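Peer 1: So that we are looking at the same thing, I have put the structure below in structure tokens.
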Amino acid sequence: MNSFWNGKRRYVALLLFLAGVFVALEVPPVIPFIQLPGENLPAGYNIPFTDIRITNTLVAAVIVWLLLLLFLVYIARRRPSDGSEVPPGGFYNMFEALYEGLMGFIGGIAGGPHFRLIFNMFMTIFLIVLLSNWMSLVPGIDTVGFIHPHVKEKYDVEKDEYKVITTDGFEIYQGFLGISYVNGQCNWISPADEAAADATALAAAEAARAAAEQDLLVEAAYDRYKAAHDGHGDDAGGESSGDAHAEDDHAPAVAESDAAAAAYDEVLAARVAEKQARADRGCYTGVAVSPWQDGYIAADDKAKKAPIPLHPDPSSDEAKRVPWVVLPWVRVASTDLNMTLTLAIIAVVMVQYVGVKALGIGYFTKFFNFATLFKSPLGGIDVAVGLLELIGDFAKILSFSFRLLGAMFAGAILLFVMSFLVPILPWPFFILEFFVGAIQALVFALLTAIFMQLATISHHHDDDHDHAEAH
Amino acid sequence: MDPQATIVLGKAIGAGLAMIGAAGGGIGIGLSVGGAVQAMGRNPDHTPTIQTNMILGVAFAEAVAIYALVVSLIILFVLN
């Protein structure tokens with residue numbers, strides 16, 4: 001096997017590169033549609049026996065847990081129970097090297113009486129975050145999923161059910177990475193905005209007609225005045241001027257209606273052409289054919305309220321009313337604030353736990369330090385410092401969660417955008433993401449370990465020591 | 001001015017301003033890597049330790065830039 005692949009791997013890489021070129025040419029990449037909160041899977045994908053919808057980041061988190069479980073079972077089975085040496089090689093060996101390396105690393109930082117607890121916490125968080133982060137490198141994650149109309153789901157309180165309504169304006173929803181499926185070229189314009197644009201066009205047309213009529217009236221009046229003036233001034237041509245006057249009086253009436261109607265049509269034609277251009281691209285342009293008919297707005301209101309099914313037939317007229325995006329089945333768990341915030345809260349609670357375990361109830365004097373308030377002239381400062389420590393522990397939750405979320409979400413966006421800009425060669429950024437994922441996992445876990453270690457150290461002891469020295 | 005265009009304008013300007021915070025992260029990373037490279041030049045035997053600590057320091061400095069990034073991402077993709 002090995003001899004067969006010797007020297008041939010480079011051709012595999014070349015083949016993959018050519019396949020990338022072919023795919024990029026054949027299936028042009030699209031601008032990604034980006035959304036920060038985790039998306040709900042469509043109606044019906046509830047947590048069993050509840051109304052709580054499953055998000056696609058939860059799917060990724062469950063996959064991570066299952067992978068870790070499998071991994072632990074494998075490690076436990078592979079490890080000999082009698083304590084004898086495991087023959088080196090394979091995945092187990094790699095993990096053992098990693099484990100021992102990290103154990104030495106944490107031992108240097110937190111090698112006290114609480115080393116086991118701190119190291120277990122470190123390793124748990126490290127493995128969970130590492131697996132979550134590296135999931136963004138797996139093809140298909142974040143990119144393959146339900147083709148979904150670009151619509152919004154809304155919870156109807158009265159009927160106690162989820163409803164799907166068309167989006168309007170900026171209320172855009174669904175799809176982390178968007179591949180517009182039907183109406184890729186459409187800028188979504190809400191029915192209300194369409195109606196407003198129609199009303200504007202209508203008003204402009206009316207104004208144009210009024211202006212044209214006004215012009216014609218002024219012109220006719222001027223002609224009449226001029227004719228009368230001329231008739232008055234020149235007695236010899238009186239009869240002929242009277243004829244001309246009669247003709248002039250008649251002619252503008254026809255010209256008036258024609259020119260005014262032409263002005264009206266011209267202004268409306270621009271709007272019609274605009275709508276037609278959008279319709280030619282397959283975009284939704286409203287329900288009624290002639291937007292300036294009275295029935296239009298009423299009909300549109302009805303259409304706005306009519307629910308769109310979550311999976312309309314893409315060939316149907318109904319499907320043309322909305323743009324479409326992809327709702328991925330699995331989205332990297334650490335790009336969802338729920339996951340990172342949960343881990344951060346667990347980490348900070350564990351910091352308090354190990355502090356109480358090490359120092360007893362006296363641990364909390366770190367936060368509420370009234371002991372020196374009346375003894376020392378600077379006692380008030382100690383109280384303020386303690387309160388700052390308390391605030392700092394809450395700030396830890398925020399910094400933990402937003403650091404991981406920011407790094408991984410930005411990484412996901414980087415991968416999308418690079419896949420869009422350089423569809424042939426996005427893989428350097430995958431290597432970057434590989435390192436970023438590992439480093440962020442290490443940072444999260446290491447900070448937890450360091451904070452836990454710091455919590456086990458008594459500040460009081462140091463103070464007493466200083467006092468003793470001073471005395 | 002079109003209200004939607006105003007919103008887009010405000011979001012874009014706000015996100016751009018928020019990313020000024022990334023400058024601090026850049027300065028921090030530059031300082032820490034510069035110090036680490038000097039240290040590695042002086043005693044190359046300690047390169048692995050220095051490198052590990054440097055990467056950790058860089059990650060912490062980067063975190064500040066990431067906060068700015070999160071703010072600008074929230075402005076762009078969450079605010080309506």
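Peer 1: 7 Å from Cα along Cα→Cβ at both A:Val272 and B:Thr52: what's the point-to-point distance in nm?
Peer 2: Those two pseudo-labels are separated by 7.7 nm.
Peer 1: For the interface of A with B, what's the total buried accessible surface in square angstrom, probe 1.4 angstrom, rounded to the nearest hundred? Please list the in-between numbers first.
Peer 2: Values: alone 27660 and 5550 Å², together 31480 Å².
Rounded to the nearest hundred, the buried surface is 1700 Å².
Peer 1: Would you work out the charge dipole size for segment A:61-149 about its Cα centre, treating the Cβ of every Lys and Arg as +1 and the Cβ of every Asp and Glu as -1, and quote it to the nearest 20 debye? All intermediate terms of the calculation are to be shown ahead of the outcome.
Peer 2: Numbers: 4 positive and 5 negative charges, 30 e Å.
Roughly 140 debye for segment A:61-149.
Peer 1: For peptide B:59-72, what's the mean number of Cβ atoms from other chains within 10 Å of each residue's Cβ?
Peer 2: Working: counts 10, 5, 0, 7, 10, 2, 3, 11, 5, 1, 7, 10, 2, 2.
The mean count of partner-chain Cβ atoms within 10 Å per residue comes to 5.
Peer 1: Once you have the Cα-Cα distance between A:Thr342 and A:Tyr225, take 0.36 nm times their residue separation minus that, and quote the gain in nm to one decimal.
Peer 2: Between A:Thr342 and A:Tyr225, full extension yields an extra 33.5 nm.
Peer 1: While we're on this one: What's the average, rounded to a whole number, of partner chain beta-carbon atoms within 10 Å of each residue's beta-carbon in A:444-457? Can you show the working numbers first?
Peer 2: Working: counts 1, 0, 3, 4, 0, 0, 1, 0, 0, 0, 0, 0, 0, 0.
So the per-residue partner count for this stretch is 1.
Peer 1: Take every Cα pair under 8 Å in segment B:10-77 that's 6+ residues apart, average their separations, divide by the length, and report that relative contact order as a whole percent.
Peer 2: Details: 58 pairs, mean separation 39.9, N = 68.
About 59 percent, as a whole number.
Peer 1: Still on this model: What does the average come to when, for each residue of peptide A:402-412, you count the partner chain Cβ atoms lying within 10 Å of its Cβ? The partial results should precede the final answer.
Peer 2: Values: counts 7, 8, 2, 4, 12, 7, 1, 5, 6, 0, 0.
Taking the mean over all residues of the peptide, I get 5.
Peer 1: Show me the ranking of peptides A:206-212, A:12-18 by mean Cβ neighbours inside 10 Å, starting with the highest.
Peer 2: Working: A:206-212: 15.7, A:12-18: 10.7.
Ranking, from highest mean packing down: A:206-212, A:12-18.
Peer 1: Provide the packing ranking of A:120-133, A:372-385, B:49-62, i.e. peptides ordered by the mean count of other C-beta atoms within 10 Å per residue, highest first.
Peer 2: Ranking the peptides A:120-133, A:372-385, B:49-62 by packing returns A:120-133, B:49-62, A:372-385.
Peer 1: Hey, another quick one. Can you give the helix-only mean residue ellipticity at 222 nm for chain B, where every DSSP H stretch with n ≥ 4 adds -39500 (n - 2.57) and the sum goes over all residues, rounded to the nearest 500 deg cm²/dmol?
Peer 2: Mean residue ellipticity at 222 nm (helix-derived): -30000 deg cm²/dmol.
Peer 1: Listed highest first by mean packing, meaning other Cβ atoms within 10 Å per residue, what order do A:95-106, A:60-71 come in?
Peer 2: Values: A:95-106: 14.0, A:60-71: 16.0.
Going from most to least packed, we get A:60-71, A:95-106.
Peer 1: So who's got an amide H within less than 5 Å of the one on A:Gly38, skipping anything under 5 residues away but keeping other chains? H placed 1.01 Å off N, in plane.
Peer 2: Residues meeting the criterion, in which the H sits 1.01 Å from N, are A:Leu337.
Peer 1: Of the heavy-atom accessible surface of chain B (probe 1.4 angstrom), what whole percent is carbon and sulfur?
Peer 2: 72 percent
Peer 1: Near B:Gln51, within a Cβ-to-Cβ distance under 15 Å, what is the net charge of the other residues, with Lys and Arg +1 and Asp and Glu -1? Walk me through the numbers before you get to the answer.
Peer 2: Numbers: positive: B:Arg42; negative: B:Asp45.
Neighbour charge sum, excluding B:Gln51 itself: 0.
The values are calculated or read from the model by the stated rules, or taken from the named source; none is laboratory data. All of these numbers come straight from a predicted model, not from anything done at the bench. So basically every Cβ, Gly included, is an ideal-geometry build from the backbone, and we count neighbours across all protein chains shown. When the accessible area is computed, the model is the full protein with side chains, heavy atoms only, and any ligands, DNA or RNA have been set aside. Shrake-Rupley method; radii C 1.70, N 1.55, O 1.52, S 1.80 Å.
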